[in-house]
Each structure stands twice: as C-alpha cells, then as structure tokens.
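The values are calculated or read from the model by the stated rules, or taken from the named source; none is laboratory data. Since the structure is predicted, the reported quantities are computational estimates derived from the model, not experimental observations. Because the Cβ atoms are built from the backbone with ideal geometry, glycine has one as well, and the counts that use them run over all protein chains shown.
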Amino acid sequence: MTAAENGHTAVVAALLEAGAPWNQQDKSGYCAGEYATASKKHEIVEMIMEWGVQAELLLGAASRTNEEASTSGTAGSSAANAGYLQQKLVYTPDGDKLLDADGEAVMMGWEAPLMEKHAAAICRGGGGHYLNVGFGLGIVDNEIQRYSPASHTIIEAHPDVYAHMCKLGWDSRPGVRVLFGRWQEVLPQLESYDGIFFDTYGEYYEEMREFHQQLPRLLRPGGVYSYFNGLASDNFFFHSVYGRLVQVELATQQLQVRFEQLRVAELGDEVWQGVRNKYWHFPLYFLPVVTHAAAAGGDAQESEQQQQQQQGQQQDGKQQ
Ligand SMILES: C[S@@+](CC[C@H](N)C(=O)[O-])C[C@H]1O[C@@H](n2cnc3c(N)ncnc32)[C@H](O)[C@@H]1O
C-alpha cells in the first residue's frame, strides 16, 4: 500500500507478481488501489485495476469449472438466493422500503431517480417490448409503463413480492406479463426484447454473469440492456474493477457497455432509519448502458477512447 501510494510502480508490479492480493485491505478498510487513486498515481491505479479484472476473470472460470465438476447440487451462490426466497418480507407502511427478515433493505425509495434513468435508458423512444427482472417496490416497472410498452414482462421470484404485485393488480394489467419464479427457471418462457433491466437481490456476480450469457439471445438488435450497478458498493475501487470486468466479459459476446455518470442525492441518516445496513456510500452512480457492439456505432478507436475516459472518471469518482 505504501508502494502504491508513493508511486513505486516497479515495486507494486513485483508485489503483485509475487502473489500479493490486489484486493487486500488494511485496518482502515483501504486497499492499495485506493491509496494510489488518492495520490493520483494513475499508472499504478491502472495496473492494480487490470490485475483485479484478470484475477476475477480467472476466479470466474475456476468456479465454473468446479460447478461443472460438482455433482453435489446447489452451488453456494444459488443457495443464498434460495435462503432469501424463503424469508418473510416486509413492505413498510409508507411504501418506501422492502425489507427482508433481518431488516436488510431489498429495495428503497431513494433509488427512484436512478430507476427513472434506467427505464429511460432501456425504453428510449417507447412503444417497445420490455423485460424487467425483479419487481421489488415496482419503481422501475411504473416508469416502464410510462413508455407505452408494446409488451412488458416482469419476472419475480419471491412469493411475498408476487402477492404484493397481485394485490396491486399487476397480474391483470393489459400488456403486462408477470412470470412468477426465479429468472433461471423461467428463461425458456422468454422471448427477445428491445429493453431489458436486471435488478435482483440475494444473488452474486456469478448469477449476473449467467444472466449476461443469455443476452445475445434476449436482446434484440438495437436494444438496450441495463442493470442496477450495486456491485461491490462498499468500496469504490472494487466497484470500479467490477465495472470494467462487466465491460470485458460482455465484449466477448459482442456487447458494448458504457456508463452514464449520475449524481446521487445526499443520503442522510434518516434515509437509513429502520434499515440494518447502509448499502450505498458513493456520491456518484454509474448507470450501465449495454448495446450490441454492431449497433453502438463509431469506430473501435473512438469507443475505446470513450471507455478509457469513463474509467478515468470512475477512478476519480470517489473524490468528487
Ligand atoms: C432490488 S429489488 C428490485 C427493485 C426494482 N428494480 C424496483 O424498481 O423497485 C430485487 C427484486 O428481485 C427479486 N428477485 C431476487 N432473486 C430473484 C431471481 N432469482 N429471479 C427473479 N427475481 C428475483 C426480489 O424478490 C426483489 O423483488
């Protein structure tokens, strides 16, 4: 961390090569990438970030190999989702929060401005076929409805959320199709869409990656995909590594990711009252806009420059 903070590039490279974990945190919870970011050692930030992406790619490949080799059934990550789906959920009376049995926030009203932008990103001119995975408070679905969808499919896995949706009449809304079940289970019932949004709970990056593997089939040419970008939302450097990881992984499927930078309103203590853990800490939100690379337009060099610029903003984001 000292080497990263003081710009000793060769030392940082040697430490990484020797097996020092790129994501090691000190007693205060800071990692080498954060020290390098704070002291504007951009070459080192880039080196650690790239190392992190490559490490996570290898880890992902290794866990897929283990799962393929395993005959013991449910993998750890899907077991976590199964545990969540059995919990009793609570909608707060003001309709502002959906909490799980431990008081963890499944969804909160402060995200409404973000959901509005997500809906705008995937619906664009409106009138298309849209898919949303995860109903929660229904904020994004209410927004999608404003774009006069030709069809609007919602996947929801939790029985309490599904019951809530039915109480609100979503199951009988014209043009709306509600699929009750885990997205993994209802995949065969899906078609292809002009806009797709993914925002589940109790799942890990592995599940999202699995969903991403379906995108070439699910996303129509010219369509837009987006997801709630809460990956590693307690550490800005790790969050940035995940942003780049998604870009690298989706590029292998000829999908291009750009991030729209949004400012998040100040979230005072009153916002988190009654919630066990504060899950958002950053002043900025990087809204992913994913398109088929062929539809993204512009030459490859231009898009690479754009990505580098966005990554630079991500590197500096926490200081703004
Ligand atoms: C964060 S909330 C979604 C919030 C929503 N975007 C909104 O605007 O209110 C996550 C939702 O995903 C659902 N969910 C969790 N795992 C799922 C899965 N595997 N398949 C489908 N839905 C799932 C949860 O029950 C919850 O309703």
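Before we move on, is Asp194 without any contact (Cβ under 8 Å) to a residue 24 or more places away in the chain and either over 23 Å from Glu143 (Cα atoms) or away from the ligand (no atom under 16 Å from the Cβ) (or both)?
No.
So in the range 1-42, with the set limited to residues that are buried (at least 18 other Cβ atoms within 10 Å of the Cβ) and β-branched (Val, Ile, Thr), which one is nearest to Glu56 (Cα to Cα)?
Per the criteria, the residue is Val12.
What are the residues in the range 192-242 that are part of a loop (DSSP other than H, G, I, E, B) and out of contact with any helix residue (DSSP H, G or I) (no Cβ under 8 Å at 6 or more places or on another chain), if any?
Selection gives Gln213, Gly230, Asp234.
Quick one: count up the residues across the range 108-134 that are closer than 21 Å to Gln184 by Cα and of a type outside the set (Ser, Thr, Tyr).
5
For Phe286, indicate whether it is modelled with pLDDT of 95 or more and buried (at least 17 other Cβ atoms within 10 Å of the Cβ).
yes
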